[in-house]
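Below: the structure, in structure tokens.
The values are calculated or read from the model by the stated rules, or taken from the named source; none is laboratory data. Small disclaimer: the values here were computed from a predicted structure and weren't measured. Here the Cβ positions follow ideal geometry from the backbone for every residue, glycine too, while neighbour counts run over all protein chains shown. Heads up: the accessible areas ignore ligands, DNA and RNA and are worked out on the full protein's heavy atoms, side chains in. Shrake-Rupley method; radii C 1.70, N 1.55, O 1.52, S 1.80 Å.
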Amino acid sequence: PYDPGDDFRREEIDVGFKYPPFTMFLFLPLGLFGISKAYLLWQILNLLLCAACIYGLWSFFLKGYGILSILLVAMLMLMLVPVRSTFSYAQTNFLALLFFFDVF
């Protein structure tokens, strides 16, 4: 939700793609939008992926303990600093974590 300055644009946006080539396809749909709208869409996707990871952790460890245990898993996961950092830095950690669970 901000307009990047010229220094940021020159250092980060105009240098090309820093990630491995196959991950370009992950970010391809975001290139159709402006930077603010793409950031908002990516954070919404991160929120949905985080919810899927919470469900995956719950179903893997505490599914037999009832529905209140999903609140415990959500609370414990959202208290972790790396989880909050994933949201603040807009990283792909939740997507990587989903590969370890049979959520879909």
Looking for something farther than 23 Å from residue 23 by Cα and of a type outside the set (Gly, Ala, Ser) - is there at least one such residue anywhere in the stretch 80-97?
yes
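In the stretch 12-104, which helices (runs of 4 or more DSSP H) lie fully inside it and hold 3 or more residues that are without any contact (Cβ under 8 Å) to a residue 60 or more places away in the chain, more than 25 Å from residue 2 (Cα to Cα) and among the hydrophobic types (A, V, I, L, M, F, W, C)?
Details: elements: 24-27, 35-57, 68-79, 81-89, 93-98.
By residue number, 35-57, 68-79, 93-98.
It is to be established whether one or more residues within the stretch 61-75 are closer than 22 Å to residue 88 by Cα, open to solvent by 90 Å² or more (accessible area, probe 1.4 Å) and at pLDDT 90 or above. Step through it out loud before you land on a result.
Let us first name the residues in the stretch 61-75 that are closer than 22 Å to residue 88 by Cα, namely 73-75.
Right, trim to open to solvent by 90 Å² or more (accessible area, probe 1.4 Å) and you get 75.
Next cut, at pLDDT 90 or above only: 75.
Scanning the stretch 61-75 turns up at least one residue that is closer than 22 Å to residue 88 by Cα, open to solvent by 90 Å² or more (accessible area, probe 1.4 Å) and at pLDDT 90 or above.
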Of everything in the stretch 37-60, what is open to solvent by less than 30 Å² (accessible area, probe 1.4 Å), over 11 Å from the mean Cα position of the chain (by Cα) and of a type in the set (Gly, Ala, Ser)? Give them in sequence order.
38, 56
